[in-house]
Amino acid sequence: ANTVAFVNEFAAASVTLQKVVDGTAAGTVSRTFPVALSCVLVDEQHPAPGIVVRDVTHEIGGTKKLTVTDDALPAGAECTVTETDTGDATRTSVAVGDTVFDGNSASFTLAAGGTAAATVIVTNTFTAPGSGLVVTGVEIGLAAGIGAIVLGLGGVLLLVARRRKRGAHAA
């Protein structure tokens, strides 16, 4: 009997996903967040559209870990990280290394080499009600009070002017 063995060799890489919850209402958030990781390898053996090498959703945060690592990914793979439910966060950003993207998604290529690792930090900012508002004017009660005083003074001046006018006609 003949035996054939196939060996796929590729430079290994990894993606570490980290979850950060911050803001004035961060202490009220205890849920997990679904973060999808999708990686496609396009190379000579796998021409476009390439081959999907990872398609997984991790639940991060809450009672689960805040960090998850996906190992044994091929260097050169094009990856996209998407937080599919931000939990109504006021703001969401995704950082890949030193590059920060506003929104719930970011794409990147896994580098080749001995330190082929990508660190992705998904941050959700939660703002407590009222803490994000800045007072830009006077309170409505104060404005209404001042308006009532001005109208009252206008009425008094009108009465005085009418009485003077009547007094001038009577003389």
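Computed over neighbours whose Cβ is under 9 Å from that of Pro34, the net charge equals -3, Lys and Arg +1, Asp and Glu -1. A Förster radius of 30 Å, combined with the Cβ-Cβ distance separating Asp85 from Val52, puts the computed FRET efficiency at roughly 0.85. Its residue count N fixes a reference of 2.2 N^0.38 Å for the range 1-128, and the Cα radius of gyration divided by that reference is 1.23. Placing R0 at 30 angstrom, the Cβ-Cβ distance between Ser30 and Ala72 gives a FRET efficiency of 0.40 after rounding to 0.05.
Find how much the distance from Gln45 to Ala128 grows on full extension, using 0.36 nm per residue of separation minus their present alpha carbon separation; answer in nm with one decimal. Mind showing how you got there, number by number?
Details: separation 83, 0.36 × 83 = 29.88 nm, distance 5.15 nm.
Taking 0.36 nm per residue and subtracting the Cα distance, the gain is 24.7 nm.
In this structure the range 32-130 gives 53 Å² per residue of accessible area when probed at 1.4 Å with all protein chains present.
If the chain between Val150 and Ala95 were fully stretched, how many nm would it gain, using 0.36 nm times the residue separation less the Cα-Cα distance?
Values: separation 55, 0.36 × 55 = 19.80 nm, distance 5.60 nm.
Between Val150 and Ala95, full extension yields an extra 14.2 nm.
Leu110 sits among other residues whose Cβ lies under 13 Å from its own Cβ, and their net charge, with Lys and Arg +1 and Asp and Glu -1, is -3. Using heavy atoms of the protein chains and a probe of 1.4 Å, the accessible area assigned to Lys165 is about 130 Å². Dimensions of the range 1-53 from C-alpha coordinates, computed as largest minus smallest value along each principal axis and given longest first, are 66, 29, 17 Å.
The values are calculated or read from the model by the stated rules, or taken from the named source; none is laboratory data. Everything numeric here is computed off the predicted structure, so don't read it as measured data. Backbone-built Cβ (ideal geometry, glycine too); neighbour counts: all protein chains shown. These accessible areas exclude ligands, DNA and RNA; they are computed on the full protein's heavy atoms, side chains included. Shrake-Rupley method; radii C 1.70, N 1.55, O 1.52, S 1.80 Å.
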